[in-house]
Structures are given as C-alpha cells and as structure tokens.
Amino acid sequence: MSNPGTPTFDQLRIFLAVVDTGSFAGAARKLNRAVSVVSYGISNLEAQLGLMLFDREGTRKPQLTVAGRAVLAEARGVAEGIDGLRAKVKGLLDGLEAEVDLAVDVMFPAERLGVVLRAFQTEFPTVQLRLHVEALGAITAMVLDGRAVIGISGPLFAGTGGLDSVATGTVALVPVAAPDHPLGRMTAIPPGAGRNYTQLVLSDRSRFTEGRDFSVVSARTWRLADLGAKHALLRQGIGWGNMPLPMVEADLVSGTLVHLQMPDHPGGTYRFAGIWRRDLPPGPAASWLIDRFVAQCDLDAPGLDLPDV
C-alpha cells in the first residue's frame, strides 16, 4: 500500500498556476519564477504524491491527467484555506476583530438588514458574524451583558447608563387585522373599540421589559415573543395588533390584512439606534456596520406623521 508524501504549499501554488495559465511559461510569469523552477516544482510534487499530474507528451500545453483533475479540487481547497488563514491573521495584527456579535431588533426591516450584511460579508470576509434577532429590551440586555458588541435597538434603550448610541432610522408601526375580524369589517372604528377585542402583543423575557406593557390598550391580550408568529395569527383573524409597515405591505395590497383606522390608536414611529457599551467601543468591523446602518437612514419611507412609540 502506497503512502503519498506531504507536498509543500509552494508546490501546490505552482501546480495551480500551471493549471490557471495553461503552461509552465505562463505560470513562471505569474509567479515571477524561472520556467525551470516551475518545471522542477511540478516534478517534485508528482514525486511526492506518486502521481503524474500532467500529460506532457504530444502537446505544447500540459494537459491534466485523470489523477491531476482529481487532485485539483483538493489543491484549490488547501490554497484557499491558507489564503484565508493569512488574511485572518493580517486582520488580527491590524486590529480587526475575529468575530462580531450583532443584536438586531426584530422590528428592523429585514431587507435593509440583508443589504448591510451582504456588504459586510464582502468587506470583511475573514470576520465571523453572529446575528441575534431579539425583541424590545433584549437588545439592550445583550449589549450590556457583553453577549453582543453592538445592537440595533428600538427606543427602549433610552435612559440606560453606560451606553453610547447613534440614530439608525425608523419604521412605521400600524394597527392591522384580518378583513374578517370584527375591527376589520368596521367602516368607521369608534374610539375605544380596540379594548373589546384580543390584542396580539410582542413581548420578551429581558429584565428591561419585565412587567411592562407598550402600546397595549386591550384588557385581553395574547403575548408572543416571535414577530413572525404574531404576523401569522393576525392573518388568521385571531386578534389585532401593531406591525412594522414593511412586513405587512404585501398583505395590505392583497387584502389579507387591513390597516385599522383607529382614532385613539393610530400606531406610531418606531425609532432605531445603534448602541454599544461605552467601556467596550466597537472595533473596525463593528464600527463599519454601525456606519452602514446610519447611512441607511436615507432609506426611511416618507413618514405617516405618526407619533413616536
């Protein structure tokens, strides 16, 4: 049974250069080496592996053998892994974080979040991102506890000591219900009508919101920690409640939900802020994220002239 040797990274780089350029001379130019050095490197690699990687007979250009094609994918994987390792180490030496924990309020528009994170992946390919999507005071709790280095929080962080913040946009919250819900069938909703029907209320388990209610007007409530579940139950006609306008715009157009024109409960403007601990300022990658979220403030939809929630 044959045991192949261990090729060097330089041998693999030479092998990939020959494949990518199509010739030994092309590889030599790409690597700024002599052709003889490239040829010698390939011969040594073949000796190490015990395989012929190129068919050099009858053609001016070396052609990969069956064994060469089989080895190619593994060689690329090793080379990309080494390049990634070097990039990560360079980033660490330059002060770049190895990872960033980001906590985002569930009300934040998903499309805007996706645009920022896609750009982040391109800009910082070596930085591992951990994304936490939470509700209400849980964002502040995660940042204060050090479980997230930065957060995109709703207004509940205000007044919390030890935090710095910067505005990162708004979203409109509007009261909605299914068209067959009693409130959805009313052409004119009288003041106080919302108190007579089950209100679906977003909640969380953080210490910042324990025992507190926000925009609750009904004596009958269902508490949910998941905004997606609240959306689904609203569409089923189980109750009424506030939702971020971008999340229900398609429902309002299709008629699966209706915007409730409630004179005493019109909804509100939900303001976001990037937050971080004053004693743990964000590093380069986290600061870049904050800057991108701030830049997206220009994408805020024209206001519905709603009061702040």
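The values are calculated or read from the model by the stated rules, or taken from the named source; none is laboratory data. As the structure is a prediction and not an experimental result, all values here were calculated from the model. Here Cβ is always computed from backbone atoms with ideal geometry, including for glycine, and neighbour counts include all displayed protein chains.
A compact table of results
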item: Exclusive hit being modelled with pLDDT under 90 and either of a type outside the set (A, V, I, L, M) or exposed (fewer than 14 other Cβ atoms within 10 Å of the Cβ) (or both), set G159, G151; result: G159
item: Cross-chain or 6+ apart pairs with Cβ under 8 Å, segment 32-54 first and among the β-branched types (V, I, T), then not in a helix (DSSP H, G or I); result: I42/L53; I42/F54
item: Subset of segment 125-161 [at positive phi and assigned to a strand (DSSP E or B)]; result: none
item: Index of the failed condition, G255 passing every other in (1) modelled with pLDDT of 85 or more; (2) over 28 Å from R112 (Cα atoms); result: (2)
item: Single residue of segment 173-216 satisfying the filter (of a type in the set (V, I, T) and farther than 30 Å from V143 by Cβ) that is modelled with the highest pLDDT; result: V176
item: Among (1) part of a strand (DSSP E or B); (2) farther than 17 Å from P284 by Cα - the single one D164 does not satisfy; result: (2)
item: Selected residue (only one of R69, R60, R56, R86 is out of contact with any Lys or Arg (no Cβ under 7 Å at 6 or more places or on another chain) and at pLDDT 75 or above); result: R69
item: Test result for V294, over 24 Å from the mean Cα position of the chain (by Cα), assigned to a helix (DSSP H, G or I) and modelled with pLDDT of 75 or more; result: no
item: Test: residue in segment 236-258 that is in contact with a His (Cβ under 6 Å, 6 or more places away or on another chain) and part of a loop (DSSP other than H, G, I, E, B); result: yes
item: Cβ-Cβ under 9 Å pairs, at least 6 apart or on other chains, segment 216-237 side loosely packed, with under 14 Cβ neighbours inside 10 Å, far side among the basic types (K, R); result: A219/R195; R220/R195
item: Exclusive hit being at negative phi and modelled with pLDDT of 90 or more, set L280, L245; result: L245
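Yes/no per residue for (1) acidic (D, E); (2) closer than 14 Å to V104 by Cβ; (3) in contact with a Gly (Cβ under 8 Å, 6 or more places away or on another chain):
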site: L117; (1), (2), (3): no, yes, no
site: V127; (1), (2), (3): no, no, yes
site: V133; (1), (2), (3): no, yes, no
site: M142; (1), (2), (3): no, yes, yes
site: R147; (1), (2), (3): no, yes, no
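Yes/no matrix, rows are residues, columns are (1) modelled with pLDDT under 90; (2) more than 17 Å from V100 (Cβ to Cβ):
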{"position": "R118", "(1), (2)": "no, no"}
{"position": "Q121", "(1), (2)": "no, no"}
{"position": "T126", "(1), (2)": "yes, no"}
{"position": "A135", "(1), (2)": "yes, yes"}
{"position": "V166", "(1), (2)": "no, no"}
